[in-house]
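Worksheet for the structure shown next.
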Amino acid sequence: MSSTDPSAQERDIEKLTLILGGHICFQTVSAAVQLDLFTTLSRSGPLSRSDIASRLGVAEKPVRILLSGCTSLGLLQKQDSLYSNSPVAQAMLTSDSPANVLAIVIMAALHQLPGDVFLLRCYPG
């Protein structure tokens, strides 16, 4: 880390933060992909948290956590109480998009510890 350039230090800290939290980011995206969140929003248009929970078959509290994670990653947009896909999620994470990378996410998820979607579905809410 360069001690003379604060912006370089900030970039280095941001890179380290992404490295240390990368598995959390991936697990969030993986859970959303496995639950078909992005395709659901693509086909329905903006939905509320309770509507998303109902459509995905998941209790509202874990959906709140998932939506918060996807929004903070820039994959969802929230306006008032409605969630919609960001442009990158619409282009890359919906099954209707010819440019989707869903197979890559699913393949990578197979090499992770199981449980992300299982825990979301089993949470009593």
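Would you work out the charge dipole size for the chain about its Cα centre, treating the Cβ of every Lys and Arg as +1 and the Cβ of every Asp and Glu as -1, and quote it to the nearest 20 debye?
340
What is the calculated FRET efficiency for residue 78 to residue 44, with r their C-beta to C-beta distance and R₀ = 25 Å, to the nearest 0.05?
0.95
Which label marks the calculated value of Kirkwood radius over Cα pairs in Å, given the options (i) 22.5; (ii) 15.5; (iii) 16.4?
(ii)
Is the C-alpha gyration tensor of the stretch 29-97 telling us rounded, prolate or oblate? Criteria: a/c under 1.5 is rounded; beyond that, a/b larger than b/c is prolate, otherwise oblate.
rounded
In whole Hz, with x marking every Gly and Pro, tabulate ³J(HN,Hα) for the stretch 90-105 from phi via Karplus 6.51 cos²θ - 1.76 cosθ + 1.60, θ = phi - 60°.
After applying 6.51 cos²θ - 1.76 cosθ + 1.60, I find 4, 7, 10, 10, 10, 5, 7, 8, x, 9, 5, 10, 4, 4, 5, 5 Hz.
From Cα pairs below 8 angstrom and at least 6 apart in sequence, can you work out the relative contact order of the chain, rounded to a whole percent? Don't jump to the answer; show the numbers that get you there.
Details: 127 pairs, mean separation 34.6, N = 125.
For the chain, the relative contact order is 28 percent.
Order the peptides 77-87, 11-21, 101-111, 62-72 from the highest to the lowest mean number of other Cβ atoms within 10 Å of their residues.
My ranking of the peptides, most packed first, is 62-72, 77-87, 101-111, 11-21.
Just add up the charged neighbours of residue 18: K/R +1, D/E -1, any other residue whose Cβ is under 13 Å from the Cβ of residue 18. List each step's numbers first, then the result.
Numbers: positive: 11, 15; negative: 10, 12, 14.
Counting the neighbours of residue 18, the net charge comes to -1.
Starting from the Cα of residue 14, step 7 Å along the direction of its Cβ; do the same at residue 101; then give the gap between the two resulting points in nm.
For the pair residue 14/residue 101, the computed spacing is 1.8 nm.
Each value in this text was obtained by applying a stated rule to the coordinates, not by laboratory testing. Since we're looking at a predicted model, the values are computed, not measured. Note that each Cβ is placed from the backbone with ideal geometry, even for glycine, and that neighbours are counted across all protein chains shown.
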